[in-house]
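A.B. asks: One structure, as structure tokens, below. Some questions next.
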Amino acid sequence: MLIMSGIRLLVGTRKGAFILTADGKRADWEISGPHFAGWEIYHLKGSPVNPERIYASQSSGWFGQLIQRSDDGGKTWEPMGKEFVYEGAVGTHQWYDGTQHPWEFKRVWHLEPSLTDPETVYAGVEDAGLFRTTDGAKSWQELPGLRNAKGKLWQPGAGGMCLHTILLDPANSERIFVAISAAGAFRSDDAGQTFQPINRGLKSPYELPDPDAEVGHCVHRIALHPSRPEVLYMQKHWDVMRSDNSGDLWTEVSDNLPSDFGFPIDVHAHEPETIYVVPIKSDSEHFPPDGKLRIYRSRTGGGQWEPLTKGLPQQDCYVNVLRDAMAVDSLDECGIYFGTTGGQVYASADAGDSWKAVARALPAVLSVEVQTLP
Amino acid sequence: MIRVVLPVHLRNLARSSAEVQLEVAEPATITSLLNALEESYPVLRGTIRDQLTGKRRPLVRFFACGEDVSHDSLDSLLPAAVASGAEPFCIIGAMAGG
């Protein structure tokens, strides 16, 4: 058995970042923070090739966007470049009143460090765009080909027009998947120079006049397993979906879920067909059905789902779990983690069979990432 | 020497004390004060005014000599008491929310 020295959770909240650490048993946790107290930390993520290198998106309605970088596992931080300037003529997208509206940078939702180079990071921003740094976040350049993928037809949803998911294909360095709220999923096969919509099979009869539209679907999250990156899983606004061909066609796998609305979706570290979602009652009632916080697990890649409840509140629970607030570790027995808008962080050291609150009263949790440390 | 009072989040970012002192060439304006501030503390670029447009961020306010000068032209001269250092120029995070 591989001996692992520890787990580090990177938790972004409405009022700062928290770092939770435990040894490989994952029984006892220490919490450090708040880092950047008072600021919204939409996302933190470590480099897969240098876990001590962590990037964080720090923002505030008052003082705007900053990017922070740590080179010592989150003990100390340095502010980095924060100029996110859309490339070329800024262009327009649809606005709420049907007119065209210029792209305006608001914040960074998601940071995705390269799988091979600690200096390279992708940033998903609102208004939806994809940026990249190749100098450790000193400077950022847009990959504008994404907005050519019918960007004029995109329009913001209630949460803003955000690019919230970036998946890098470990088997093909040219391939990048991204997802944008109220626009859909997109794929690049040329390292981000151009993108195409990959939304065939998605159906949004309650949100779109054309339920099969090429763009406009409200994708909440997509996920893949690194051993089989052509298989994608999606939590859409409504519907849990699966694609076996890199997004060329999606099929619904919601089946016996109590609600197929939700935000995060994730894949077991060692079982590519084992996936997790958090059913939420509806788009207007962002809390679990029946006041019971239940993670649902499918061991068949969707289609058949089982509730996981041991250690989770089963009455009077009305929190939400946001799209970036679930993560899995890669210890032999896969650990799963998620954070809630009520400020709890739950951990499971047995693939979801049982859960324990490892933080109970943080600010509303926006994101959870996990690092499995050697 | 012009005195500038920073809100707590910006002084944390700048790793400064609550009040900083700046050399600003005469005649001093809000713009030249902000230029000097950002030169001394580059991390503050973009936090007070938009990096591209130069406009004051919507929830940042400027107070001087007991007056809200947020809506004054950025090129207007600072009050004499601020320019002389007798009074501070205050950068405020506006009240927002409930």
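The values are calculated or read from the model by the stated rules, or taken from the named source; none is laboratory data. Everything numeric here is computed off the predicted structure, so don't read it as measured data. Glycine gets a Cβ as well: all are built from the backbone with ideal geometry, and neighbour counts include every protein chain shown.
A.B. asks: Filter the stretch B:54-67 down to residues that are within 11 Å of another protein chain (Cβ to nearest Cβ) and surrounded by fewer than 17 Cβ atoms within 10 Å (Cβ to Cβ) and give me whichever is nearest to B:V5 (Cα to Cα). Outline the logic, then answer.
C.D. replies: At the first step, the residues of the stretch B:54-67 found to be within 11 Å of another protein chain (Cβ to nearest Cβ) are B:57-61.
From what's left, surrounded by fewer than 17 Cβ atoms within 10 Å (Cβ to Cβ): B:58-59.
Numbers: B:P58: 18, B:L59: 16 Å.
Ranking the candidates gives B:L59 first.
A.B. asks: How many residues does the stretch A:148-180 hold that are modelled with pLDDT of 95 or more and over 30 Å from A:S284 (Cβ atoms)?
C.D. replies: Within the stretch A:148-180, residues that are modelled with pLDDT of 95 or more and over 30 Å from A:S284 (Cβ atoms) number 9.
A.B. asks: For the stretch B:13-53, which positions are over 19 Å from A:Q58 (Cβ atoms), more than 13 Å from the chain's Cα centre (by Cα), aliphatic (A, V, I, L, M) and within 14 Å of chain A (Cβ to nearest Cβ)?
C.D. replies: Within the stretch B:13-53, just B:L52 meets the criteria.
A.B. asks: Right, next: Please go through the stretch B:69-98 and give me each residue that is among the charged types (D, E, K, R) and exposed (fewer than 13 other Cβ atoms within 10 Å of the Cβ), ordered by number.
C.D. replies: Kept after step one, since they are among the charged types (D, E, K, R), are these residues of the stretch B:69-98: B:72, B:75, B:87.
The one that is among the charged types (D, E, K, R) and exposed (fewer than 13 other Cβ atoms within 10 Å of the Cβ): B:D75.
A.B. asks: Taking A:F195 and the conditions (1) over 21 Å from the mean Cα position of the chain (by Cα); (2) of a type outside the set (A, V, I, L, M); (3) buried (at least 23 other Cβ atoms within 10 Å of the Cβ), which numbered condition does it fall short on, given that it satisfies the others?
C.D. replies: (1)
A.B. asks: Let me ask something else. Here's a check for you: in the stretch A:69-117, which residue that is at pLDDT below 95 and not in a loop (DSSP other than H, G, I, E, B) is nearest to the other protein chains (Cβ to nearest Cβ)?
C.D. replies: Here the answer is A:P102.
A.B. asks: Would it be correct to say that A:S47 is touching a residue at least 40 places away in the same chain (Cβ under 8 Å), of a type in the set (S, T, N, Q) and within 14 Å of chain B (Cβ to nearest Cβ)? Show your work before the answer.
C.D. replies: Details: touching a residue at least 40 places away in the same chain (Cβ under 8 Å): yes; of a type in the set (S, T, N, Q): yes; within 14 Å of chain B (Cβ to nearest Cβ): no.
Considered against the rule, which asks whether it is touching a residue at least 40 places away in the same chain (Cβ under 8 Å), of a type in the set (S, T, N, Q) and within 14 Å of chain B (Cβ to nearest Cβ), A:S47 comes out as no.
A.B. asks: Select the strands (runs of 3 or more DSSP E) contained entirely in the stretch A:204-282, then report the ones holding at least 3 residues which are of a type in the set (A, V, I, L, M, F, W, C).
C.D. replies: Values: elements: A:219-224, A:232-236, A:240-243, A:265-267, A:275-277.
Passing ranges, in order: A:219-224.
A.B. asks: Criterion first (surrounded by fewer than 16 Cβ atoms within 10 Å (Cβ to Cβ) and within 24 Å of A:N172 (Cβ to Cβ)) does A:V121 satisfy it? I'd like the intermediate steps shown before the answer.
C.D. replies: Values: surrounded by fewer than 16 Cβ atoms within 10 Å (Cβ to Cβ): no; within 24 Å of A:N172 (Cβ to Cβ): yes.
It is false that A:V121 is surrounded by fewer than 16 Cβ atoms within 10 Å (Cβ to Cβ) and within 24 Å of A:N172 (Cβ to Cβ).
A.B. asks: Please enumerate the residues belonging to the stretch A:281-293 that are buried (at least 24 other Cβ atoms within 10 Å of the Cβ) and either out of contact with any strand residue (DSSP E or B) (no Cβ under 8 Å at 6 or more places or on another chain) or hydrophobic (A, V, I, L, M, F, W, C) (or both).
C.D. replies: The initial filter retains those residues of the stretch A:281-293 that are buried (at least 24 other Cβ atoms within 10 Å of the Cβ), namely A:288, A:293.
A:L293 - this is the single residue of the stretch A:281-293 that is buried (at least 24 other Cβ atoms within 10 Å of the Cβ) and either out of contact with any strand residue (DSSP E or B) (no Cβ under 8 Å at 6 or more places or on another chain) or hydrophobic (A, V, I, L, M, F, W, C) (or both).
A.B. asks: Which of the residues spanning the stretch A:50-68 are within 14 Å of another protein chain (Cβ to nearest Cβ), assigned to a loop (DSSP other than H, G, I, E, B) and under 23 Å from the mean Cα position of the chain (by Cα)?
C.D. replies: Within the stretch A:50-68, just A:G61 meets the criteria.
A.B. asks: May I ask you to verify whether A:G73 is closer than 27 Å to B:Q51 by Cβ and touching a strand residue (DSSP E or B) at 6+ places or on another chain (Cβ under 9 Å)? Steps first, answer last, please.
C.D. replies: Details: closer than 27 Å to B:Q51 by Cβ: no; touching a strand residue (DSSP E or B) at 6+ places or on another chain (Cβ under 9 Å): yes.
Against the criterion (closer than 27 Å to B:Q51 by Cβ and touching a strand residue (DSSP E or B) at 6+ places or on another chain (Cβ under 9 Å)), A:G73 does not qualify.
A.B. asks: Could you name every one of the strands (runs of 3 or more DSSP E) located completely within the stretch A:322-374 that has at least 3 residues being under 22 Å from A:S59 (Cα atoms) and modelled with pLDDT of 95 or more? Talk me through it step by step, then tell me what you get.
C.D. replies: Values: elements: A:326-328, A:336-339, A:345-348, A:356-359, A:365-373.
Hits in the stretch A:322-374: A:365-373.
A.B. asks: Looking at (1) at pLDDT below 95; (2) within 14 Å of chain B (Cβ to nearest Cβ), which is the only condition A:S5 fails?
C.D. replies: (2)
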